[in-house]
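Just so it is clear, none of the values below were taken in a lab; they were calculated from the coordinates. In this text, all values refer to a predicted model and were calculated from it rather than measured experimentally. All Cβ positions, even for glycine, are placed from backbone atoms using ideal geometry, and neighbour counts span all protein chains on display.
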Amino acid sequence: MLRFLFTVVRRDVLLAARRRGDWLTAQFFFVIVVSMFPLGIGPEPGMLRTIGPGVVWVAALLASLLSLDRLFADDYRDGSLEQAMLSPCPMALLTLGKAIAHWVINGIPLLLIAPLLGIQFNLPAAALWILVLSLAIGTPILSLLGSIGAALTLGLRGGGALVTLLIMPLYVPALIFGAGAVEGVLSGSGSEAHLSLLGAFLVLSLLLAPWVSAMALKVSVE
Amino acid sequence: MNLYHYASPSTFYPWAGKLIPWFAALALILAAAGLYIGFFVAPTDFQQGEGYRIIFIHVPAAWMSMFIYVVMAFWSAIGLAFNTRQSFVMARALAPTGAMFTFVALWTGALWGKPMWGAWWVWDARLTSELILLFLYVGVMALQAAIDDPRRADRAGALLNLVGVINVPVIYFSVKWWNTLHQGASVSLTRAPSMAQTMLWGMLIMALAAWMYTIAVALARARTLTLERERQSEWVRARLEGQP
């Protein structure tokens, strides 16, 4: 069982490593979206510090959605998805593996870039750490919930925009708690409560999301 | 009583046709009575003046917006568990009405908020979660509209529905979780309501009217959907040829 999970993750990460252009697009998208905000709002440091955490978090949501519609689509097109679904291992493991791979490919680079963007937004060092920590807990949620949307919209026209419409409302708690944690550091009220709630949300989505997206895959492929 | 008997489209269709006029008439009578109580009988509020009377529309709409989502999730769960086509039809028939009530609740809330709070919109927890509920309705309808195969559309929509239903309790309890501008719930089951009896009656009657309206409209929509989906079957052909 664990080997199956490991194989799924390894295969997706290998594929992504061989097609670097694909996943780098999402990372640069993240950087560019975040950099657009000071240009639109103005370079006033106090203002940037206030909006910084929210902007980075919203950009992270958008970047993860951007890469989601291809989560199952490539495998579906060349038929390997159906082969994987025929395996005796539970399908929830397949979707869990896909979500983990999506996080490794798209989530971890975000964690590494985020502090740099935080400095651009004039965030203090303590807030930078919490920003990375909140993204570390939060981005797996984005990949997990996103896998439900990707499975539901598999092979539909206008898949990308549709995924955004379906999944964005479900991301709201992650956004509130994640950006709230950094906000808590800036305002001095502490971030533990927000991070704990974010962790609880991660556990909940880890329990339910792979299972639901496995059912959604069954509906979409049959 | 065999429930599967009523789950068959050929039984559902004439039954729904017989029930619709009753529920529609009840909705009309109750709405007339509720509006009469709300606008002519209920006293003027000593703090909010006449402006508060919008609650006779606003509160029932907000209740229905949340309740319909739960009912949709119920039918979705039944449909997924027992594989009954008619349950999916009911879930699908309810969605536009739910979205409509959510929109009405937001709209009337804005109309109320302008004179009372001095703002059309505030980012308070309850308003925000009602807005997210509207997005959830739109999401379910958009997903079902994007899928051509009705079987897949039903199941995909049902799954999304069940995932989204987690949001409905968040709406309801957000008043307790976040302490914000929005006034606390004025009606509760555990203590005496903090409003005049006639106001309460007006609101409850309007809520019943909204309920009856929802049943009538959902059944009518379900009938049309059934007819569309069962167009190949014998009984639909016989029925359509029988009527001039």
Just check the stretch B:1-128 against the gyration tensor rule for me: Cα atoms, a ≥ b ≥ c as the square roots of the eigenvalues, rounded for a/c under 1.5, and otherwise prolate or oblate depending on whether a/b exceeds b/c. oblate
Dipole check, the stretch A:2-221, charges on Cβ (K,R +1; D,E -1), about Cα centroid: among A:134, A:42, A:8 the Cα furthest to the positive pole belongs to A:8
Distance between Cα centroids, the stretch A:41-62 to the stretch B:102-131: provide it in whole Å. 26
Considering only DSSP states other than H, G, I, E and B, which trypsin sites (Lys or Arg not before Pro) in the stretch A:27-82 qualify as loop sites with at most 11 other Cβ atoms within 10 Å? none
Among A:128, A:112, A:186, which one shows the biggest mean-square fluctuation in a GNM of chain A, springs joining Cα atoms closer than 10 Å? A:112
How do A:64, B:10 line up, fewest other C-beta atoms within 10 Å first? B:10, A:64
Average projected area of the Cα convex hull of the stretch A:2-221, in nm²? 11.9
Would you please classify the overall shape of the stretch A:90-222 from the alpha carbon gyration tensor, given that a ≥ b ≥ c denote the square roots of the eigenvalues, rounded means a/c under 1.5, and beyond that prolate means a/b larger than b/c while oblate covers the rest? prolate
Distance in nm between pseudo-label sites at residue B:5 and residue A:211 (7 Å out along the Cβ direction from Cα): 3.6
Pairing the Cα long axis of helix A:125-152 with the longest principal axis of chain A, what angle in degrees results, from 0 to 90 and rounded to the nearest 10? 30
Once the other residues with Cβ under 15 Å from the Cβ of residue B:144 are scored (Lys, Arg +1; Asp, Glu -1), what is the net sum? +4
Taking chain A as the reference, fit the longest principal axis to its C-alpha atoms, fit the long axis of helix A:20-41 to the helix C-alpha atoms, and give the angle between the two in degrees, 0 to 90, nearest 10. 30
How do B:82, B:67, B:103 rank when sorted from fewest to most other Cβ atoms within 10 Å of their own Cβ? B:82, B:103, B:67
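Using the count of nearby Cβ atoms within 10 Å as a rough guide to exposure, how do B:6, B:213, A:76 rank from fewest to most?
Working: B:6 12, B:213 21, A:76 18.
In order of increasing Cβ crowding within 10 Å: B:6, A:76, B:213.
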Across the Cα atoms of the stretch B:57-183, what radius of gyration and what greatest pairwise Cα-Cα distance (Dmax) are found, in Å? 15.6, 50
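Given axes a ≥ b ≥ c from the Cα gyration tensor, I'd like to know whether the protein assembly as shown is rounded (a/c under 1.5), prolate (a/b larger than b/c) or oblate.
Oblate, because a/c is 1.5 or more while a/b does not exceed b/c.
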Using Cα atoms only, what is the angle between the long axis of helix A:2-18 and the major principal axis of chain A, expressed in degrees (0 to 90) to the nearest 10? 70
Only Cα pairs under 8 Å and at least 6 apart count here; give the relative contact order of the stretch B:1-132 as a rounded whole percent. 23
